Amino acid sequence: MTGMFLATSAPATDQPLRTPALASRSTALPDKIRGVNIGGWLVLESWMNPDVFDGTGAIDQWTLDSTPGAEAKLQAHWGSYFTEDDVAQIASWGINALRIPIGYWAYNNTGTPYISGADAYLEKAISWSRNHGLKVLIDCHGSPGSQNGFDNSGKSGNVAWQSGDNLGASITVLETIATKYGSTAYADVVFAIELVNEPISWAQNNFDLTKQWAQDAYNAVRSAAANKDLMIVMHDGFMGPNNWEDVGAKVNGGSTPMADARFAVDVHLYQNMMPDDNKLTQAEHITKACKWTSTSLLPPSSNLPVLIGEFSAVTNICARPDGSTVPGVTCDTDGCQCASNVPTEQWNPPLVAATRRFFEAQMDAFEHSSRGWFMWSYHGYGAWGLATTVKYGLIGKTVTERMYPGQCDGVW
């Protein structure tokens, strides 16, 4: 996730619950993957984890791990931010998969200030997921040298992923992950490993080199993993899945049915990051989401599976009392509320309804034209957090419940 909003983490629930353990050993995937990211846990971002960063002067995990007392802070955070009770709660909402970001430094922190230890908690999360019938995608969220210069890579600023031996070091870390979590002992839970998160395709990174690296990394991970059903996922580098169909054809085989393909592409779709998005009413946001099936995803004829690895319910709109919406962050009538500057617990019914409509339209589009989706994130302020969206009615009691079905019918 490209962190650019200062936010606080919402509590998981008022009353965390524990569901009976399912203990399913099946390696079969659900027909549709309906997932959530566990962001801000094993890779920290200041906008998601202000309580950990406050008073440190740190801007990312690289600088945070360099501060006095960092190891004790991390251990306390890792042990409390996400627990088995959270997994049980997530399962009760109809979520069937977790995307868990982790940094390369959990496996090799040589020559860096990074503090290792996160892998022990990833292993716990996989065990909890097994207990409650969830699948897991392990996402290498931060790569050597930083693949994007964003704080979500662990180190903000310079991008050096394609410099020196960092690409090779990335593959070595992925082989370590694949040897462990691609073993048959984890095959009932770990269904995918993501090679890299959000590598930029401009400036210091060359997209053609990224595509070649992805093929090399795919082959290395596939060789290291005993589980040959393991899905290997590559973020699209902000270039769109259509720019990866040539790679998909090479590694999946041109005639491979999508159900049998083991190389997949991850695309992140947000509608609050670009200036033009902030000019849209909520009805226009919904139309854009429905059109993603043709503008940002792939047709059914493609043999390249697509996952939406990140999206949210966030838009910068304001809702009037009559239910109409206006773009931006400023209201123009009495009783109007703007999503960006009113605490979620104070939202009135029109703003709740507008947000729920958008959330449901996105999920419908994704389930129409992709293998599945992962919301960003479980903990998060307002419409960034799955727990918050459930608590305040921005989604139903389960993620399959629809208050506004068929919103995309006129678009497809």
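Overall dimensions of the range 348-412, expressed as equivalent-ellipsoid semi-axes from the Cα gyration tensor (√(5λ), whole Å, largest first), are 20, 15, 9.
Multiply the residue separation of K291 and S183 by 0.36 nm, subtract the distance between their alpha-carbon atoms, and state the gained length in nm to one decimal. Display every interim value, and only then the final one.
Numbers: separation 108, 0.36 × 108 = 38.88 nm, distance 3.89 nm.
Contour length minus Cα-Cα distance gives 35.0 nm.
At a Cβ-Cβ separation cutoff of 4.7 angstrom, cysteine residues of the chain with no neighbouring cysteine are C140. Only helices reaching 24 angstrom along their own axis (Cα) with mean Kyte-Doolittle hydropathy no lower than -0.5 count here, and for the DSSP H runs of the chain these are 349-369. For the chain, the relative contact order comes to 17 percent (Cα pairs under 8 Å, sequence separation of at least 6). Of the Cα atoms belonging to the range 263-412, the radius of gyration and Dmax stand at 15.0, 52 Å. Taking amide H positions as modeled 1.01 Å from N, with prolines and chain starts lacking one, the residues under 5 Å from R99 and 5 or more places away or on another chain are V36, N37, I38, L137. Using bins of 10 Å that start at zero, the share of Cα-Cα pairs per bin across the range 194-307 amounts to 13, 41, 30, 14, 3, in whole %. The ellipsoid that matches the Cα gyration tensor of the range 163-257 has semi-axes, each √(5λ) in whole angstrom, of 23, 17, 11, with the longest given first.
From the alpha carbon centroid of the range 287-362 to that of the range 182-237 is 31 Å. What the Cβ-Cβ distance of S26 and F207 gives, at R0 = 41 Å and to the nearest 0.05, is a FRET efficiency of 0.60. Taking max minus min of the alpha-carbon positions on each principal axis, the chain gives extents of 59, 55, 49 Å, largest first. The GluC sites (Glu not before Pro) of the range 314-412 meeting both criteria, a DSSP state outside H, G, I, E and B (loop) and at most 16 other C-beta atoms within 10 angstrom of the site's C-beta, are E401. Using a cut-off of 21 Å between Cα atoms, the listed pairs K135/K291; K73/K124; K32/K135; K250/K288 include K135/K291; K250/K288 as exceeding that distance. Rolling a 1.4 Å probe over the protein chains gives R262 an accessible area of about 50 Å². Partners of K211 within straight-line reach, counting aspartates and glutamates whose Cα lies under 15 Å from its Cα and excluding those fewer than 8 residues away in the same chain: E194, E198, D236, E245, D246, D266.
Centroid-to-centroid, using Cα positions, the range 129-180 and the range 370-403 are 26 Å apart.
When a 1.4 Å probe is rolled over the protein heavy atoms, the share of accessible surface on the range 270-412 that falls to carbon and sulfur comes to 54 percent.
Placing D31, D266 in order of accessible area, with the largest value first and a 1.4 Å probe, yields D31, D266. Where both bridge residues fall in the chain, DSSP classifies roughly 15% of the beta bridges as antiparallel.
With a 1.4 Å probe rolled over the protein heavy atoms of all chains, the accessible area of Y107, Y218 falls in the order Y107, Y218, largest first. For the range 261-311, taking Cα atoms only, Rg and Dmax work out to 12.8, 39 Å respectively.
The values are calculated or read from the model by the stated rules, or taken from the named source; none is laboratory data. As the structure is a prediction and not an experimental result, all values here were calculated from the model. Cβ atoms come from the backbone with ideal geometry, glycine included; neighbour counts cover every protein chain shown. We work out accessible area using only protein heavy atoms, side chains counted, and drop any ligands, DNA or RNA first. Shrake-Rupley method; radii C 1.70, N 1.55, O 1.52, S 1.80 Å.
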